[in-house]
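Peer 1: Quick one: the structure is below, questions incoming.
The values are calculated or read from the model by the stated rules, or taken from the named source; none is laboratory data. For clarity, every value in this text was computed on a predicted model and none was experimentally measured. Using ideal geometry, Cβ is built from the backbone for each residue, glycine included, and neighbour counts are taken over all protein chains shown. Note: accessible area is taken over every heavy atom of the protein model, side chains too, but ligands, DNA and RNA are not part of it. Shrake-Rupley method; radii C 1.70, N 1.55, O 1.52, S 1.80 Å.
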Amino acid sequence: MNPYDGMPEPVRKAWQRSLTNGRAAMSRRRLLRAGGLAAGGAALAACGIPPANSGASGKEEREKDRSQQEKVLAFSNWPLYIDVDDDDENVRPTLREFQRESGIKVKYIEDVNDNNEFYSKIKPQLAAGQRTGRDLVCLTDWMAGRMIRAGWAQRLDQANLPNAVTNLEGRFRAAPHDPGRQYSYPWAGTAAVIAYNRKATGGRKVTSVEQLLTDPKLKGRVSLLTEMQDTMGLVMLGMGADSSSFTDDDFDAAVDLVQKAVDRGQIRRFTGNDYMDGLNKGDIAACVAWAGDVVQLGFDNPDVRFHLPETGYLFGTDDLLVPAGAQHRANAEAFIDYYYRPKVAAELAAWVNYICPVTGAQQEMRKIDEELAENKLIFPDEEMIAKGHNFRPLSAKEEERYETKFAKLIGA
């Protein structure tokens, strides 16, 4: 059975074209299941970071690197997060060209369905100083930061990354979880925004978090994300708190505000990417959504719109990093550098439709698709960039405390 059977056409096309299996910490980028959008997920509770393993130093890691002898690379990524040939879903054009040009054979593994789940899978090996079987992984910035703080990521050799060093857009360089980009480079940027179905709202725009949480005309037809950082960060911004420097009191006030909306029946449910089906049909009139999904749905359903709240939106990245113990770091660096060529980055962004972190890619995109080149959810303009806010890095204790409160809020 075709896993896309039974889906509304806009949703089917969106899932086929982009990385649309969800993005929440408990249910991020879910795999498709026959007959519709899957709703599976893992537990939200965060585990603390154990002391960094006293394994190989950066110098020793480099000395153990076998990239010269072994032209191979094992890369773990999220499902549907790379360009795919329109006529053959088993062919990934940019990846095929990288292998042809570099001579490096890539084992491409789509096994990062959830940040915490994947972390739990590789944590025992990392803690024991053993290899994970991956030379490169793609994780959300907060999880990448956790691995970096634990000493479980290899420092990158910038001399092997001339395209990345040159073409990384300036605002991505100041990463709170990885200052100076010593260990990671973005695969794509993410943005949590407000989306709405114009038909379901009677033509009215939905422009603020306050409207989502209190407008009686939206009662029972609003969804928020199961991603704690995106939902709570957006709510705190709406309350006037800064998501990049909030306090415990700010977080608790935001939880209380959302809890009141839940108690009033304002919130229909908390979702991963399965809000797409409801938003497309109009069962969900308005929601917190990921920008890439809005781009995809908007291609086939003109009633699906987005709005950047005046108080700001949540901005983040999915990052490439080399795990401790990986033996093909130089091959991984060659891969990263290849995807920082503007032409290659444009080809990738044309398919995934998330924020492109590569300077010069917008000009290349104009050769592919003029409409996509002007889409500010892929290539943000100055106004959108100015409204973007990070969610500040959390200590292990903070992460556990906040996730526990959020899990109770959403009924996880």
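Peer 1: Just give me the residues in the range 90-110 being part of a loop (DSSP other than H, G, I, E, B) and touching a residue at least 12 places away in the same chain (Cβ under 8 Å), in sequence order.
Peer 2: If the condition is that a residue be part of a loop (DSSP other than H, G, I, E, B) and touching a residue at least 12 places away in the same chain (Cβ under 8 Å), then ARG92, GLY103, ILE104, GLU110 are the ones that fit.
Peer 1: Between LYS405, LYS376, which is assigned by the TED database to the domain that holds GLY233, open to solvent by 30 Å² or more (accessible area, probe 1.4 Å) and under 25 Å from TRP142 (Cα atoms)?
Peer 2: LYS405
Peer 1: In this structure, is PHE306 in contact with a Lys or Arg (Cβ under 9 Å, 6 or more places away or on another chain) and open to solvent by 10 Å² or more (accessible area, probe 1.4 Å)?
Peer 2: Taking the combined requirement at face value, the residue does not satisfy it.
Peer 1: Select, from VAL137, VAL84, VAL91, VAL165, the only residue that is surrounded by fewer than 21 Cβ atoms within 10 Å (Cβ to Cβ) and modelled with pLDDT of 95 or more.
Peer 2: Result: VAL165 is the single residue among VAL137, VAL84, VAL91, VAL165 that is surrounded by fewer than 21 Cβ atoms within 10 Å (Cβ to Cβ) and modelled with pLDDT of 95 or more.
Peer 1: Return only the number of the condition from (1) in contact (Cβ under 8 Å) with a residue 60 or more places away in the chain; (2) hydrophobic (A, V, I, L, M, F, W, C); (3) open to solvent by 10 Å² or more (accessible area, probe 1.4 Å) that ILE368 does not satisfy.
Peer 2: (1)
Peer 1: I've got another one for you. Going by the structure shown, is PHE75 within 22 Å of the chain's Cα centre (by Cα), in a strand (DSSP E or B) and either under 30 Å from SER244 (Cβ atoms) or hydrophobic (A, V, I, L, M, F, W, C) (or both)?
Peer 2: The answer is yes for PHE75.
Residues checked against (1) free of Cβ contacts under 8 Å to residues at least 12 places away in the same chain; (2) among the basic types (Lys, Arg):
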site: PRO179; (1), (2): yes, no
site: ARG198; (1), (2): no, yes
site: THR201; (1), (2): no, no
site: LEU213; (1), (2): no, no
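Peer 1: Every residue in the range 337-365 that is open to solvent by less than 20 Å² (accessible area, probe 1.4 Å), under 17 Å from the mean Cα position of the chain (by Cα) and hydrophobic (A, V, I, L, M, F, W, C), please.
Peer 2: ALA345, LEU348, ALA349, VAL352, ILE355, CYS356, VAL358
Peer 1: Right, something else. Which one is surrounded by the fewest Cβ atoms within 10 Å (Cβ to Cβ) among residues in the range 207-227 that are of a type in the set (A, V, I, L, M) and more than 15 Å from ALA253 (Cβ to Cβ)?
Peer 2: The selected residue is LEU218.
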